[in-house]
Amino acid sequence: MFGKHSSAGFNETSPGNRIKTLCYGEHTLLVEVHLDKDADLLRHKHPYEQTGYLISGNIRMHIEEKEMELEPIRQYKDAHRGKRNGTRAWR
């Protein structure tokens, strides 16, 4: 699947959290997420692994009881299938 970058198509899923699906498949989902400072991405579950990277800012990612601080261009692969996870933008 190919597409052009656009600022259209974002949905606000919680205060300060805007998300847009870029492409998806049977076992994967690629989204663009914009979090305002101090915004929380509510705890949720994914049926499959999730990968991504942070372009700017800083976030704290929570998977079950584990917390990780991410800085720009830090990649993550998170094997949190079926585990509760959430994210908070903090800088």
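The values are calculated or read from the model by the stated rules, or taken from the named source; none is laboratory data. What you see is a predicted model; the values in this text were computed from it and never measured. Every residue, glycine as well, gets a Cβ built from its backbone with ideal geometry; the counts of neighbours run over all protein chains shown. Keep in mind that these areas ignore ligands, DNA and RNA; they rest on the heavy atoms of the full protein, side chains included. Shrake-Rupley method; radii C 1.70, N 1.55, O 1.52, S 1.80 Å.
Mind checking which residues of the range 48-66 are open to solvent by 50 Å² or more (accessible area, probe 1.4 Å) and modelled with pLDDT of 80 or more?
So in the range 48-66, the residues open to solvent by 50 Å² or more (accessible area, probe 1.4 Å) come out as 48-49, 51, 53, 55-56, 60, 64-66.
Correct list: ILE55, SER56, ARG60, GLU64, GLU65, LYS66.
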Exercise for the section: Find the residue count for the range 39-70, including only residues that are in contact (Cβ under 8 Å) with a residue 24 or more places away in the chain, basic (Lys, Arg) and assigned to a strand (DSSP E or B). Expected result: 2
Exercise for the section: Can you give me the number of residues within the range 13-38 that are in contact with an Asp or Glu (Cβ under 9 Å, 6 or more places away or on another chain), open to solvent by less than 60 Å² (accessible area, probe 1.4 Å) and not in a strand (DSSP E or B)? Expected result: 1
